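Input: a single structure, listed below in C-alpha cells.
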Amino acid sequence: MSLQWFRMPRDVVFGTGTLEYLKQVKGSKAFISMGKGSMKTNGVLDQVLSYLKEAGIESTVFDGVESDPSIDTVYRGTVKMKEFAPDLIIGLGGCSSIDAAKAMWVFYEYPNLKFKDIKDPFTIPELRKKAKFIAIPSTSGTGTEVTCVAVITDNQTGIKYPLASYEITPDIAIVDPEICKTMPPNITADTGMDALSHSFEAYVSTMASDYTDLFAIESIKMIFQWLPKAYDNGENIEARTKMHVAQNFAGLAFSNAILGLVHSMSHKCNTKVPLSHGRCNAILMPPVIQYNAKTAGSRYAEIARNLGLAGSNDQELVASLVETLRKMNASFSIPSNLKEAGLSEASFLAELQETAEAALGDPCTGMNPRKPSVEDIMEIYKAAYYGNDVTI
Ligand SMILES: [Fe+2]
C-alpha cells in the first residue's frame, strides 16, 4: 500500500471582508496572540474584538510576540494562556504571531512538555482537548494559516526550528486580503518570494503528489502575475486578493509535500545576516535550482513551460527560470547575493562548514530532490554568497 494524504484546515474562509466570519465562530473564551504593530494601529484588532463580542466570546490579548518568535516568548505566552484558559486560540498578524500561538497551544494542552520534546518533526501529541485554533494572516507569505509548520527560534543560539505536525494545522483559516493592504512594498516582496519558494520546493519535493502539484503550479503562476502588481501598488485590492490566495495555495502545497534545501539553508544562515526569511530564500533559490536541476531538471522545466519562458529543452528552460528569478529579485531591490546583503566574507568563510553541517541536518533537507553532502551545501552557499553559478 502506498499511503499518501492531503491535509488542510476544515474551513478556509477567503475573500474581502471575511474577518466578519468571527461573528459565527463557536466558543466562550478566545486568546489572541499578536505583535505590537499594525494590527492595533490599523483597527483590525478592534474589529476582531468587536466580532468576537458579537459572537458572545470573551477575549484576551497577548501582544508580546516579536518577529522570529523565541522559545522564551512562547513560554511567556503559555503562562498567560494557562491563566485565561481559552477554548479558542487566535493567531492574528504576521507568521510570527501565528507560529508562536501554535507552539503556545502545544504547551497549554501539555504543560509538562518542553521545547526539546517537540522540536523533532511529527512528535507533537494529539491537540484539541482544550482549544481549537483560528489563524488570521496579515502578510501574504508563509501560508502558516493552513500549514503543519511553526518556526520558533532558540534565543540562546539564534537557530530556527521548524516545528512540524499536522496537529498544529489550524482548524479555521481566515484569508482576508483587506488586512494586508497596509503591508509596505519590501514586506510584500519578501513574503511573496517566501511563498514562491514554498511552491518551488513543494513541486520538486520527493513527497510531491498530484494534489500538491495542483496547488504549487497554480500559486507559482499567480505569484508571477500578481506579486509585481501588489508590490507596485499596495492599494490594488485585486492584486492583494490574488496574492493572499496564492500564498495560501503555496502553504497547502508545502504543508503536504514539505520543503527542501532553500529552507534548510535559509534556516541556518539567516541567523548570521540581517535578512528576512523570504529575502534570504529569494537569494538562495537560483543556486539551489541549479544544484537540484541535475535530478529535478524536468520538474523545473515544467514550471518554466507553465510560465511561458523560453527554451527548447530542459536545460534551456531551467536557465530561463533561474534568469527570470534573478531579474525578479532585482525588480524588488533584493540583493543578488549574500555578500551584497551585508554578510562579512571573513565570518561567512569561518562559519561555512558548521553552517553547511547544520543545514544538512535540518528536517527540510530530507525531501530535497537531490541528496546533498556537506561539501555540496558549502558549494551552494558559496555560489549564493558571491552570486556565482553552481556547477557541481
Ligand atoms: Fe518559508
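Suppose a student asked you for the relative contact order of the stretch 185-386, using Cα pairs under 8 Å spaced at least 6 residues apart; what percent would you report?
Dividing the mean separation by the residue count of the stretch 185-386 yields 26 percent.
Compute the Cα gyration tensor for the stretch 55-192, then decide on rounded, prolate or oblate, letting a ≥ b ≥ c be the square roots of its eigenvalues: rounded whenever a/c is under 1.5, prolate when a/b is larger than b/c in the other cases, and oblate in all that remain.
Working: a/c = 1.60, a/b = 1.20, b/c = 1.33.
It comes out oblate by the Cα gyration axes.
Could you derive backbone 3J(HN,Hα) for the stretch 106-112 from the dihedral phi with the Karplus parameters 6.51, -1.76 and 1.60 (θ = phi - 60°), listing whole Hz in sequence and x where the residue is Gly or Pro?
Values, residue by residue: 4, 6, 5, 6, 10, x, 8 Hz.
Among Asn233, Thr16, Gly308, flag the residue with its Cα farthest along the positive direction of the charge dipole of the chain, charges on Cβ as +1 for Lys/Arg and -1 for Asp/Glu.
Among Asn233, Thr16, Gly308, the one farthest towards the positive end of the dipole of the chain is Thr16.
Can you quote the Å³ per residue value for the convex hull of the Cα atoms in the chain, rounded to an integer?
129 Å³
Looking at the stretch 11-180, what % of its DSSP beta bridges pair antiparallel, to the nearest 5?
If I count the DSSP bridges inside the stretch 11-180, around 20 percent turn out antiparallel.
Neighbour counts of other C-beta atoms within 10 Å: give me Asp176, Asp194 arranged from fewest to most.
Fewest-to-most ranking of Asp176, Asp194: Asp176, Asp194.
Note down the Stokes-Einstein diffusion coefficient of the stretch 1-88 in µm²/s, whole number, using a Kirkwood radius over alpha carbon pairs, 25 °C, and 0.890 mPa s.
Numbers: Rh = 15.0 Å.
It diffuses with D of about 163 µm²/s by this estimate.
Per residue and in Å³, how big is the convex hull formed by the alpha-carbon atoms of the stretch 171-266? Intermediate values should be presented prior to the final figure.
Values: hull volume 9.0 nm³, N = 96.
Spelled out: Cα convex hull of the stretch 171-266, divided by residues, is 94 Å³.
5 Å is the cut-off here: which amide hydrogens, built 1.01 Å from N in the peptide plane, fall below it relative to Gly93, excluding neighbours closer than 5 in sequence?
The answer is Ile136, Ser138.
Would you order Trp105, Trp226, Trp5 from fewest to most other beta-carbon atoms within 10 Å of each residue's own beta-carbon?
Trp5, Trp226, Trp105
Does the stretch 203-338 come out rounded, prolate or oblate by the C-alpha gyration tensor, with a ≥ b ≥ c the root eigenvalues, rounded set by a/c under 1.5 and, if not, prolate when a/b is larger than b/c and oblate if not? Spell out each step's value before the answer.
Working: a/c = 1.24, a/b = 1.09, b/c = 1.14.
Rounded shape, in that the Cα axes give a/c under 1.5.
Explain nothing, just the number: dipole magnitude of the chain about its Cα centre with +1 on each Lys and Arg Cβ and -1 on each Asp and Glu Cβ, in debye rounded to the nearest 20. Can you show the working numbers first?
Values: 37 positive and 45 negative charges, 117 e Å.
Here the chain has a charge dipole of around 560 debye.
Would you kindly derive the ³J(HN,Hα) couplings of the stretch 74-84 from the backbone phi angles with the Karplus curve 6.51 cos²θ - 1.76 cosθ + 1.60 (θ = phi - 60°), listing them in order in whole Hz, with x for Gly and Pro?
After applying 6.51 cos²θ - 1.76 cosθ + 1.60, I find 4, 5, 4, x, 5, 4, 5, 5, 4, 4, 7 Hz.
Provide the per-residue ³J(HN,Hα) series for the stretch 298-310, in order, calculated from phi with Karplus coefficients 6.51, -1.76, 1.60 and θ = phi - 60°, each as a whole number of Hz, with x at glycine and proline positions.
5, 5, 4, 5, 4, 4, 4, 4, 4, 8, x, 7, 7
Over the alpha carbons of the stretch 165-220, what is the largest minus smallest coordinate on each principal axis, giving the biggest first in Å?
Each principal axis gives a Cα extent; for the stretch 165-220 these are 37, 26, 19 Å.
So what is the 222 nm mean residue ellipticity for the chain from helices alone, if each DSSP H run of at least 4 adds -39500 (n - 2.57) and you divide by all residues, rounding to the nearest 500 deg cm²/dmol?
-16500 deg cm²/dmol
Hey, got a sec? Which GluC sites (Glu not before Pro) in the stretch 205-311 land in a DSSP loop and have at most 16 other Cβ atoms within 10 Å?
Taking the stretch 205-311 and a limit of 16 other Cβ atoms within 10 Å, the loop GluC sites (Glu not before Pro) found are Glu235.
Taking the Cβ of each residue in Phe224, Phe254 as the centre, tally the other Cβ atoms inside 10 Å and list the residues starting with the fewest.
Neighbour counts put them in this order, fewest first: Phe224, Phe254.
Give me, ordered by chain and number, the residues 5 or more places off Ala55 or on other chains with an amide H under 5 Å from its own placed amide H.
Here the answer is none, since no amide H 5 or more places off falls under 5 Å of that of Ala55.
Suppose a student asked you for the relative contact order of the stretch 47-186, using Cα pairs under 8 Å spaced at least 6 residues apart; what percent would you report?
24 percent
What's the center-to-center distance, using Cα atoms, between the stretch 199-250 and the stretch 56-72 in Å?
28 Å
Readers should treat all values here as calculations from the given coordinates under stated rules, not as data from a laboratory. Since the model is a prediction, treat every value here as computed from it, not as a measurement. Cβ atoms come from the backbone with ideal geometry, glycine included; neighbour counts cover every protein chain shown.
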